[in-house]
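What follows is a single structure, written as structure tokens, with notes after it.
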Amino acid sequence: MDEPNEAQDNRELYALLNLSPEASDEEIRRAYRQWAQAYHPDKYQAPHMKDIATENFQRICEAYEILSDPNKRQIYDIYGMEGLTSGLELGPKLNGAEEIKAELERLKRMKEREKMAAHFQPSGTIVANMSLPRYLDGNGMLRGMAMTSEIQSQLSKRNAVTIGGNLAVNGEEGGGAATAVFRHHLSEVSSVEVVASAGLRALIGVQTTRNLSSHSAATMGIALSLKDGSLNLSNLWTRQLSETASGHIELALGPHSSVTVGWQKKDQRRSASGEVKFGTGSFETSVHYTHRFSPKSLGCIVGRVGRLIPSISYPFLQTYSIYIWHPTSMAKEDFFFVVIRIEFSSLEVEVGGGRKLSKFSSVRWLYIIGIQGISWKFELYRGGQKLIIPILLTRHLNPVFATGAFVVPASLYFVLKKLFIKPYYLRRNKQKALEEKEKTSAQVKEARATAEKAQNLQQNVANRKRNKQLETGGLVIMRALYGNQRILNNLKSSSETSFELTSEVIDVTIPLNFLVNDSGQLKLHEGVKKSGIMGFCDPCPGSPKDLYVEYVYAGNQYRVWAGDYEELQIPQGSHRI
């Protein structure tokens with residue numbers, strides 16, 4: 001059977017009541033009455049049995065409460081328990097699946113903001129430009145440096161503050177600025193921001209944003225320059241043109257007035273955007289296209305043509321280029337990429353590689369050769385922090401030097417990887433695998449204990465049904481095993497009847513005898529994962545699972561294998577041995 005999709009994983013409650021996902025309201029009520037009677041705590045006198053019954057009865061009641069409510073059931077069918085715990089509610093404004101999805105995403109974002117309310121989110125970049133020729137000339141190694149830093153903090157559900165600064169030094173010139181932004185959400189569709197900046201860009205301003213509809217938004221702002229007293233006005237309108245495309249128009253009035261028109265389109269495999277900007281003394285046209293060849297590989301083409309007023313904050317970082325970027329994964333942690341960069345006055349080729357050090361950090365090395373010389377670039381990423389160190393090796397294109405500048409560090413990396421890096425990661429991954437195995441083992445142990453408790457409650461009823469079926473020659477489950485598909489498939493080629501249980505297989509004979517109805521039939525529904533059935537559990541998370549059943553009916557022996565999400569209906573003549 002095909003692999004289960006996301007919707008099939010949202011059916012544990014159906015398994016708990018042994019219902020089809022298409023069950024009617026009457027079938028849900030009938031199943032609830034049946035299970036509520038079987039698991040009601042008042043039926044048990046022993047304290048430990050009463051506690052077990054209470055625990056399972058609460059599970060039955062919770063399943064019924066959700067599946068009997070049309071709104072909750074619709075949310076559960078689409079998003080599972082996550083949708084319900086997120087606080088999603090249906091009403092006259094939420095009828096379609098797309099509207100439900102949009103509302104769930106909004107609630108997710110809101111919960112994420114609440115979770116991060118008490119935390120600071122720092123980010124920053126340090127770029128240190130080095131030059132070997134400059135050092136050899138006696139002028140020092142450092143030729144320029146730029147730093148940016150930003151801290152965001154969610155003060156409350158509606159209030160947030162961002163404080164940041166930047167500094168750039170290039171030779172004898174330099175400058176910087178500090179900025180503070182206070183953001184207040186007036187409602188779910190509108191917000192206001194107060195901005196203050198000191199330094200080369202000293203100003204104070206305010207802007208407000210409002211969602212005009214579900215497809216459009218507008219932002220209006222006003223800023224006063226504290227250096228020359230000039231006033232700057234800005235208006236930005238955005239519009240969702242389709243499910244994958246949007247457009248925007250921006251009007252800026254002031255000493256550097258401009259009009260900008262842009263659009264962007266994005267789907268699973270490709271994204272494209274374009275923008276045209278006309279301003280006082282400036283003109284710019286830019287196009288950006290990205291194509292994803294595979295989950296780990298993509299190509300990118302960017303074109304930017306025009307004349308811009310130099311940036312005050314980063315006078316030496318401004319670039320105008322067309323380049324193609326194609327990274328390719330070499331291993332699970334390693335990646336390799338090539339960049340061809342065409343600038344107005346130069347042609348450069350970048351060859352680089354990197355390694356993912358952890359979930360939040362990675363390191364990259366780039367070899368750059370072009371008309372302007374040969375360079376190295378080292379980059380370190382850690383969370384929201386970046387350290388970038390470009391090193392100019394030479395301004396001349398010497399073939400021998402160019403070859404050595406590439407071969408020597410690349411060879412050094414592969415030697416270090418072979419002797420030190422790879423052994424270290426093998427040890428670390430082995431340790432992580434052991435820790436994960438221990439964690440999974442503890443979860444499986446707890447799930448087995450829960451399943452055994454449920455089977456203790458089912459024992460008396462299962463025995464009574466079994467004896468009744470034996471008397472009438474009906475359906476009796478002799479042995480039922482659920483677990484690792486590979487292990488259970490060995491029984492197909494084996495003539496032996498004995499089987500020793502392993503940690504990846506659980507005996508579910510009692511639950512299946514419990515589910516046999518008065519007519520001597522048993523049905524497990526398609527698309528419902530069997531580990532959710534009362535008395536079952538998942539003994540081998542992450543591995544394919546099967547259900548193996550041996551049963552007798554009318555004096556004949558039968559056996560059958562069924563997939564985890566496959567329908568099982570017995571007795572069937574095709575199962576006869």
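The values are calculated or read from the model by the stated rules, or taken from the named source; none is laboratory data. All values reported here derive from a predicted model rather than from experimental measurement. Virtual Cβ from ideal backbone geometry, glycine too; neighbours counted across all protein chains shown. Ligands, DNA and RNA are excluded from the accessible area calculation, which covers all protein heavy atoms including side chains. Shrake-Rupley method; radii C 1.70, N 1.55, O 1.52, S 1.80 Å.
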May I ask you to list the residues in region 508-535 that are crowded, with 19+ Cβ neighbours inside 10 Å and over 36 Å from the mean Cα position of the chain (by Cα)? T509, I510, P511, L512, N513, F514, L515, V516, L522
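Would you be able to say whether some residue in region 472-489 is at positive phi, touching a residue at least 12 places away in the same chain (Cβ under 8 Å) and either open to solvent by 80 Å² or more (accessible area, probe 1.4 Å) or more than 35 Å from the chain's Cα centre (by Cα) (or both)?
Restricting attention to region 472-489, the residues satisfying the condition of being at positive phi are 473, 483.
Narrowing the set further to residues that are touching a residue at least 12 places away in the same chain (Cβ under 8 Å) leaves 473, 483.
Then drop every residue that is not either open to solvent by 80 Å² or more (accessible area, probe 1.4 Å) or more than 35 Å from the chain's Cα centre (by Cα) (or both), which leaves 473.
The answer is yes; a qualifying residue exists.
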Among the listed residues V338, V349, which satisfies the condition of being in contact with a His (Cβ under 6 Å, 6 or more places away or on another chain), open to solvent by 30 Å² or more (accessible area, probe 1.4 Å), modelled with pLDDT under 85 and assigned to a strand (DSSP E or B)? V338
Out of region 14-45, which residues are at pLDDT below 85, open to solvent by less than 80 Å² (accessible area, probe 1.4 Å) and not in a helix (DSSP H, G or I)? Y44
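Collect the residues in region 127-141 that are within 48 Å of the chain's Cα centre (by Cα) and either aliphatic (A, V, I, L, M) or outside any loop (DSSP other than H, G, I, E, B) (or both), keeping them in residue-number order. I'd like the intermediate steps shown before the answer.
Quick first cut of region 127-141, residues within 48 Å of the chain's Cα centre (by Cα) only: 127-135, 140-141.
Within region 127-141, V127, A128, N129, M130, S131, L132, P133, R134, Y135, M141 meet the criteria.
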Inside region 415-453, can you point out the residues that are over 25 Å from the mean Cα position of the chain (by Cα) and at pLDDT below 85? K417, I421, K422
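Yes/no per residue for (1) over 30 Å from I369 (Cα atoms); (2) open to solvent by 100 Å² or more (accessible area, probe 1.4 Å); (3) among the basic types (K, R); (4) in contact (Cβ under 8 Å) with a residue 40 or more places away in the chain:
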position: L426; (1), (2), (3), (4): yes, yes, no, no
position: Q431; (1), (2), (3), (4): yes, no, no, no
position: V444; (1), (2), (3), (4): yes, no, no, yes
position: T450; (1), (2), (3), (4): yes, no, no, yes
Across region 266-294, what is the number of residues that are open to solvent by less than 50 Å² (accessible area, probe 1.4 Å) and touching a Leu at 6+ places or on another chain (Cβ under 7 Å)? 4
Scan region 117-132 and tell me whether some residue there is farther than 25 Å from L387 by Cα and open to solvent by 70 Å² or more (accessible area, probe 1.4 Å). yes
Which pairs have Cβ atoms under 8 Å, sit 6 or more apart or on different chains, and link a residue in region 394-420 that is within 14 Å of I369 (Cβ to Cβ) and in contact (Cβ under 8 Å) with a residue 12 or more places away in the chain to one that is open to solvent by 100 Å² or more (accessible area, probe 1.4 Å) and of a type in the set (A, V, I, L, M, F, W, C)? L397/I371
Please verify whether region 51-66 includes one or more residues that are open to solvent by less than 50 Å² (accessible area, probe 1.4 Å), of a type outside the set (A, V, I, L, M), closer than 21 Å to N517 by Cα and assigned to a helix (DSSP H, G or I). yes
State the number of residues belonging to region 272-281 that are of a type in the set (S, T, Y) and at pLDDT below 90. 1
Looking at this structure, is S191 free of Cβ contacts under 8 Å to residues at least 60 places away in the same chain and either under 33 Å from the mean Cα position of the chain (by Cα) or loosely packed, with under 15 Cβ neighbours inside 10 Å (or both)? yes
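Could you grab me the full set of residues in region 359-390 that are in a loop (DSSP other than H, G, I, E, B) and closer than 19 Å to S123 by Cα? Quick ask: steps written out before the conclusion?
Pass one, region 359-390, residues in a loop (DSSP other than H, G, I, E, B): 359-360, 371-372, 383-384.
Within region 359-390, K359, F360, G383, G384 meet the criteria.
If I filter region 561-577 for residues that are open to solvent by 40 Å² or more (accessible area, probe 1.4 Å) and touching a residue at least 60 places away in the same chain (Cβ under 8 Å), do I get at least one hit? Give the derivation first.
Initially, region 561-577 is screened for residues open to solvent by 40 Å² or more (accessible area, probe 1.4 Å), giving 561, 566-567, 569, 572-574, 576-577.
From the residues that got through so far, the ones that are touching a residue at least 60 places away in the same chain (Cβ under 8 Å) too are 561, 566.
Among the residues of region 561-577, at least one is open to solvent by 40 Å² or more (accessible area, probe 1.4 Å) and touching a residue at least 60 places away in the same chain (Cβ under 8 Å), which makes the answer yes.
Between I374, I369, I388, which is open to solvent by less than 60 Å² (accessible area, probe 1.4 Å), over 28 Å from E150 (Cβ atoms) and under 38 Å from the mean Cα position of the chain (by Cα)? Steps first, please.
On the way: I374 fails: under 38 Å from the mean Cα position of the chain (by Cα); I388 fails: over 28 Å from E150 (Cβ atoms).
Unique residue meeting the criteria: I369.
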